[in-house]
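Student: Sending over a structure as structure tokens; questions will come in a sec.
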Amino acid sequence: MAVLSIRAVNIIGLTKYIDEVITVLGESGVFHPDEVSTFYTELQEFTHVPTNNTYAEHLTNLKSALNRTKFDCRVGEVNDYAPSAEELGSLSDSIVADIDLLSDKKEAVRAQLREAKRNYSVASHFSGLDVEIGEVLKLKYMKARFGKLPKDSMSKLSLYKKNQYVDFMVCTEDRTHCWGVYFTPADQAEKIDRIFEGLYFEPVELVGGNETPEQRIEIYKEQIPALEQELKEAQEKIDRYLKDNEEMISRCLSKLEEIVLYMGIRSKALQHGNSFIIVGWVPSENAGEIKKRLTKIRSVELDFSDAKKELDKRPPVKLKNVFFAKPFEFYTEMYGVPKYNEVDPTTFVSITYIIIFGIMFADLGQGFILSIVGWLMWKIRKMKIGKILLPCGISSMVFGTLFGSVFGFEHLLDPMYRSMGYKEKPFEVMASQNTNLIIFAAIGIGVMLLIVAMFFNVYSSLKQKNYGRALFSTSGVAGILFYGSLVFGLVSEMFLGSHVMTAPYIIGLVVVPFILIFFSEPLTELVNGEKDWQPESWGGYIVEKLFESIEILLSYVTNTMSFLRVGAFVLVHAGMMMVVFVLAETVGGVGYWVIVVIGNALVMVLEALLVAIQVLRLEYYELFSRFYSGEGRPFEPVRFNAETE
């Protein structure tokens, strides 16, 4: 349980060399920039270093042009490529201009093709009309309206039979509409158009000159393939250009991405006169290499300090754990990273999560399937949860072997047990005499983990030099004595037949620790050296604490009882599989195995989800709440992520 050792760095130099400094810091991939105001307060005469925004504009334009072509350009390493700002900008503009020209030509052809297909579709509905479209549209005293009329409206035309101008000439029909034309005298056009509008007539634009619709259709039949070929050739020109210039485009894009990314460091820098200052954080293991590179730059001076001496500046945190605990950093970070001087709970989470999950999901066969699924989720989809499910599945296999469950078959492993000298499997989950044992064991696990969490709180508080919290908090030394003594006394009295709850025991190990917890706030401030450690009103403090004491006592009880779900899920798993086999035996025959397979699949999916959530809940609410704040900030260095082949 550790965090990566971090060092604060202050860099000062002449402003004309700032780009060289920023390049070194960016290329290191381990520099986390911070606000200068975090380290210094007297900054009235400092100003921000001017930032060249043209790089961002060039990058935006280039990305936009490439997006038009849907070309996936690889971003690679460009440390060996150092063009001037003018050269890079000119190259980017040239690429954008070339792509835009080719893309505009393609879009123009696409628009023509789209228009030709639309006109062809419209003309095909008037194929039976043997008139020249252009001549019809030129009529002075008569107006022609081409379009479609819903079939439901055709019958309504009879309502207007007294009006000789309300007539619709049908050319073709489809499933819902009749396509055709109606004519109206010019002076009656407004009135007739209103009538057809009420019949839901939809006008269309019929393109044509001195041709009939049939002739226009033949023109489109020749035009559309030609335009499709032209569109294909336009796309081929774009593809050929991108392929021929892929390396140049990739280098230009990568360099712009890199420079704009590094501008994030520049944006946090301040300058005074001709000098600049940059502050940030680097891993201790990389400090030497960065210092070596930066001191080669003229005028640059830098100073390192251990993050432990800079706790007031909230050093960023990067988790550093052993291989089996590393996947569980996902859960820790989801809650919040620790402060630099706080205990990293990742290893604790990894051990407890794997064990509790295995107990609650105990089945050799289902655990094996879960491990395979977890491995595939990580290997194929790179899902972080997959690396967590893999060890959880293995833990389930271990406890499944102990409980003798294989895909719900409770006696499949009996031959193995007999070969080991047992008459039957070591533990029968569904045996009535074992139910209380399972429940008490679950509570025992909870008590043990809560006490461990309290010890973590003591250790973490001492690391943070918060001696008062380490001694007097509900999860401090006083809390451990109160909770541990109370649990030990009750267990001894109720189950071990040992009378330990004597007056001295109760007063010394229960009452006194609780009094210390009761007065924890003033005692903590007193021990920590606070001047104003006394409350404004002792009477008000005592009354307030009397009510809070109820919550404190309930928290001990509820935190402990929450672990009952561990035992409950052991019984639920066995019970669900028992139901599956009852249903399978009822069906019988081939249906027996169908029910067994489907039942196992449903139980695995449902229970894996529920167990994963419930164990995480125990970690977060019952254990983390005792010792962990998660109020740190993550270490986020500026790093150019180049794609690999």
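Student: Kirkwood Rh, the range 19-99, all Cα pairs: how many Å?
Tutor: 15.9
Student: Taking amide H positions as placed 1.01 Å from N in the peptide plane, with prolines and chain starts having none, which residues 5 or more places from LYS143, or on another chain, fall under 5 Å of its amide H?
Tutor: Under 5 Å from the amide H of LYS143 lie the amide H atoms of THR184, ALA186, each far enough along the sequence or on another chain.
Student: Same structure again: Could you calculate the contour length gain from LEU609 to ARG110, that is, 0.36 nm times the residue separation minus the distance between their Cα atoms, to one decimal place in nm?
Tutor: 174.7 nm
Student: Tell me the Kirkwood radius of the range 524-589: reciprocal of the mean inverse pair distance over distinct alpha-carbon atoms, in Å.
Tutor: So the Kirkwood estimate lands at 17.0 Å.
Student: Highest mean first, how do 61-69, 491-499 rank when packing is the count of other Cβ atoms within 10 Å averaged over residues?
Tutor: The peptides rank, most packed first, as 61-69, 491-499.
Student: To continue, here is another question. If you take the alpha carbon radius of gyration of the range 274-347 and divide it by 2.2 N^0.38 Å, what ratio comes out, to two decimals?
Tutor: With N residues counted in the range 274-347, Rg over 2.2 N^0.38 Å equals 1.42.
Student: For the chain, how big is the tail of P(r) above 41 Å, as a whole percent of Cα pairs?
Tutor: That tail contains 60 percent of the Cα-Cα pairs.
Student: Moving to a separate point now. Residue farthest toward the positive end of the dipole of the chain, with Cβ of Lys/Arg at +1 and Asp/Glu at -1: which of ILE359, LEU413, TRP593?
Tutor: Going by the charge dipole, the pick is LEU413.
Student: Something else about it: Under a point-charge model restricted to the Cβ atoms of Lys and Arg (+1) and Asp and Glu (-1), what is the dipole moment magnitude of the range 352-430 relative to its Cα centre, in debye to the nearest 20?
Tutor: Value, rounded to 20: 560 debye.
Student: Please list the radius of gyration and Dmax for the range 77-226, considering alpha-carbon atoms only, with Å as the unit.
Tutor: Answer for the range 77-226, Rg first and Dmax second: 24.8, 87 Å.
Student: How big is the charge dipole of the chain about its Cα centre, in debye rounded to the nearest 20, if each Lys and Arg gets +1 on its Cβ and each Asp and Glu gets -1 on its Cβ?
Tutor: 820
Student: For the range 404-486, go through all pairs of different Cα atoms, get the mean of 1/r, take its inverse, and jot down that Kirkwood value in Å.
Tutor: Radius from the Kirkwood sum: 16.0 Å.
Student: Something else about it: Once you place label points 7 Å from the Cα toward the Cβ at LYS545 and SER90, how far apart are they in nm?
Tutor: Once both label points are built, they end up 7.8 nm from each other.
Student: So what does the Cα-only Debye profile of the range 470-572 read at q = 0.12, 0.13, 0.20 Å⁻¹, as log10 I(q)/I(0), no solvent term?
Tutor: Normalising to I(0) and taking log10 leaves -0.52, -0.60, -1.08.
Student: Express in nm, to one decimal, how much length is gained between PHE324 and LEU496 on full extension, taking 0.36 nm for each residue of separation and deducting their alpha carbon distance.
Tutor: Using 0.36 nm per residue and subtracting the Cα-Cα distance, I get 58.1 nm.
Student: I've got another one for you. Compute and list, largest first, the equivalent-ellipsoid semi-axes of the range 381-522 from the alpha carbon gyration tensor, each √(5λ) rounded to a whole angstrom.
Tutor: Over the Cα atoms of the range 381-522, the semi-axes work out to 41, 25, 10 Å.
Student: Okay, next question. May I ask you to derive the FRET efficiency for LYS243 and ASN641 from their Cβ-Cβ distance with R0 = 25 Å, giving the value to the nearest 0.05?
Tutor: 0.55
Student: Sticking with this one: Counting heavy atoms of the protein chains only and a 1.4 Å probe, report the per residue accessible area for the chain as a whole number of Å².
Tutor: Ligands and nucleic acids excluded, the figure is 54 Å² per residue.
Student: What length, rounded to one decimal in nm, is gained on full extension from GLU631 through to ASP187, with 0.36 nm per residue of separation minus their alpha-carbon distance?
Tutor: 151.8 nm
Student: Ok, one more. Could you sort out which of LYS106/LYS221; LYS268/LYS384; LYS309/LYS339; LYS291/LYS318; LYS465/LYS531 sit more than 23 Å apart by Cα distance in this structure?
Tutor: LYS268/LYS384
Student: Helix-only mean residue ellipticity at 222 nm, the chain, DSSP H runs n ≥ 4 weighted -39,500 (n - 2.57), per residue, nearest 500. What is it?
Tutor: -19000 deg cm²/dmol
Student: While we're on this one: Residue by residue through the range 18-23, what is 3J(HN,Hα) from phi via Karplus (6.51 cos²θ - 1.76 cosθ + 1.60, θ = phi - 60°)? Round to whole Hz and write x for glycine and proline.
Tutor: 5, 5, 5, 5, 4, 4
Student: Round to a whole angstrom and tell me the spacing of the C-alpha centers of the range 1-62 and the range 552-617.
Tutor: Answer, in whole Å: 54.
Student: How high is the FRET efficiency between ASP80 and GLN271 when r is their beta carbon distance and R₀ equals 45 Å, given to the nearest 0.05?
Tutor: Taking R0 as 45 Å, the efficiency between ASP80 and GLN271 is 0.90.
Student: Using each residue's phi in the range 620-629, evaluate 6.51 cos²θ - 1.76 cosθ + 1.60 at θ = phi - 60° and report the 3J(HN,Hα) Karplus result to the nearest Hz, with x for Gly and Pro.
Tutor: 6, 8, 8, 9, 4, 4, 7, 9, 10, 9
Student: By how many degrees, between 0 and 90 and to the nearest 10, does the Cα long axis of helix 246-266 differ from the longest principal axis of the chain?
Tutor: In the chain, helix 246-266 runs at an angle near 50 degrees to the longest axis.
Student: Could you estimate the translational diffusion coefficient of the range 131-179 from the Stokes-Einstein equation, with Rh from the Kirkwood formula over C-alpha pairs, at 4 °C and 1.567 mPa s, in whole µm²/s?
Tutor: For these conditions, the coefficient is 104 µm²/s.
Student: Here's another thing I want to ask about it. Can you tell me the 0 to 90 degree angle between the C-alpha axis of helix 284-294 and the longest principal axis of the chain, rounded to 10?
Tutor: Taking the Cα atoms of the chain, the angle to 284-294 is about 50 degrees.
Student: Tell me, what ³J(HN,Hα) does each residue in the range 413-422 have, in order and in whole Hz, if you take phi through Karplus 6.51 cos²θ - 1.76 cosθ + 1.60 with θ = phi - 60° and put x for Gly and Pro?
Tutor: The phi angles translate into 9, 4, x, 5, 5, 5, 5, 8, x, 8 Hz.
The values are calculated or read from the model by the stated rules, or taken from the named source; none is laboratory data. Note that the structure is a prediction, hence the values are computed from the model and not measured. FYI the Cβ positions are ideal-geometry reconstructions off the backbone, even for glycines, and counts take in every protein chain you see. Heads up: the accessible areas ignore ligands, DNA and RNA and are worked out on the full protein's heavy atoms, side chains in. Shrake-Rupley method; radii C 1.70, N 1.55, O 1.52, S 1.80 Å.
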